[in-house]
Amino acid sequence: MSSPSPALAYRLEAARAVVHDASRLAMSMRPPPGGPVATQKSAQDWLTETDGAVEAFIASRMKTLFPEDGFQGEEGGVARSGQLRWVVDPIDGTSNYARGRSRWCVSLGLLDGDEPVAGVIEAPALDEVYTALQGAGAFLNGKPIHASPVKDPASAMIEMGWSNRVPKPVFMEKIDAIMELGAMPRSGGSGALALADVACGRLDGYLEIVINLWDVAAALPLLAEAGARVSPFLRDGGLTGPATILAANPHIAETLSQAVNIPLA
């Protein structure tokens, strides 16, 4: 395992503190349980006041700390460019957040050029913080994590993300292929947390047909450091627009890849 750059290690520690403060802000604005407290952008696609507030908070803090770094947010688009670029999803799992549910997170990833090198995902309602730094491992609440050892698809738990941008027949074809393996299907409403679950072994695989860079930027270093296999999301268009991602533990990755017809890197 290569030794991580001190500059990147410092940035990860700073990012962890900023995301923690942003998570506290999100918790303070969290709606009570009930019907969605949000604006509907499109079918089942929600935007809350918190999304904008959290992104603005993180953007401002990172600009102060690292003015030379680039910054890209879900709500604001590409705000600054730089060799090192922070990519934020202020609330991943907004549909859950808007109803007072607990499965949502603040996600902040760091890219060096086109390479994901560090990430922080905090799910404050679950009291969980994931961190990863290239060459230094992946962690959940400070303890090392690794992809699942499950080898038999019939013992596997596979999550598939749903999106209104995916035609129903495509979704049904893929979920049917997963179920044909004998795997247990899941859908939890947060792509970032699902990928983190693959990294820590709570899931054996995750598939989403249409997902954006801000959803996965922090999770990609987690998956790499935890030993998971991942499809070439960035190479296949994820740097500039929505693309497909498949992540899986290394033991069932090839079987799952063939079943859903999505190649791995």
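The values are calculated or read from the model by the stated rules, or taken from the named source; none is laboratory data. None of the values given here were measured: they were computed from a predicted structure. So basically every Cβ, Gly included, is an ideal-geometry build from the backbone, and we count neighbours across all protein chains shown. Side chains are part of the model used for accessible areas, which takes the heavy atoms of the whole protein and leaves out ligands, DNA and RNA. Shrake-Rupley method; radii C 1.70, N 1.55, O 1.52, S 1.80 Å.
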Query raised in the report: So what is the relative contact order for the range 97-162, in percent, with contacts set as C-alpha pairs under 8 Å and at least six apart?
Result: 18
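Please get the size of the charge dipole for the range 181-265, origin at its Cα centre, with Cβ charges of +1 on Lys and Arg and -1 on Asp and Glu, quoted in debye to the nearest 20.
Numbers: 4 positive and 7 negative charges, 7 e Å.
About 40 debye.
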Query raised in the report: Can you list the HN-Hα couplings for the range 232-247, worked out from phi with the Karplus curve (6.51, -1.76, 1.60; θ = phi - 60°), rounded to whole Hz and with x for Gly and Pro?
Result: x, 4, 5, 5, 8, x, x, 6, 10, x, x, 8, 9, 10, 10, 10
Query raised in the report: Hey, what D do you get for the chain in µm²/s if you plug the Kirkwood alpha-carbon radius into Stokes-Einstein at 20 °C and 1.002 mPa s?
Result: 117
Report summary line: M27 and K168 label points (each 7 Å along its Cα→Cβ direction) are spaced in nm at 4.1
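Averaging the inverse of every distinct alpha carbon separation and then flipping it gives the Kirkwood radius. What is it for the range 84-138, in angstrom units?
11.9
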Query - Rg/Rh for the range 171-228, where both radii come from Cα atoms and Rh is the Kirkwood radius - result: 0.97
Query raised in the report: For the range 51-130, what number results from the quotient of the Cα radius of gyration and 2.2 N^0.38 Å?
Result: 1.10
Report task. Measure off, as a whole percent, the carbon and sulfur share of the 1.4 Å-probe accessible area of the range 209-264, all protein chains present. Result -> 50
Report task. Whole number in Å², please: accessible area per residue of the chain, 1.4 Å probe, ligands, DNA and RNA not counted. Result -> 42
Query - ³J(HN,Hα) computed for each position of the range 137-144 - Karplus, 6.51 cos²θ - 1.76 cosθ + 1.60, integer Hz, glycine/proline x - result: x, 10, 9, 10, 6, x, 9, x
Report task. Calculate one ³J(HN,Hα) per residue across the range 112-129 by plugging θ = phi - 60° into the Karplus curve 6.51 cos²θ - 1.76 cosθ + 1.60, and present them in order as whole Hz with x for glycine and proline. Result -> 9, x, 9, 10, x, 10, 7, x, 10, 10, 10, 10, x, 6, 9, 6, 10, 10
**Report entry** Over the range 160-265 - Rg/Rh using Cα atoms and the Kirkwood inverse-distance radius
**Finding:** 0.92
Requested in this report: Please list, in chain and number order, the residues 5+ apart from E128 or on another chain whose amide H is under 5 Å from its amide H, with Hs placed from the backbone.
Outcome: A123
Report summary line: Relative to the compact-globule estimate 2.2 N^0.38 Å (N residues), the Cα gyration radius of the range 89-184 stands at a ratio of 1.32
Report summary line: Length gained, A17-Q258, 0.36 nm per residue minus C-alpha separation, equals 82.7 nm
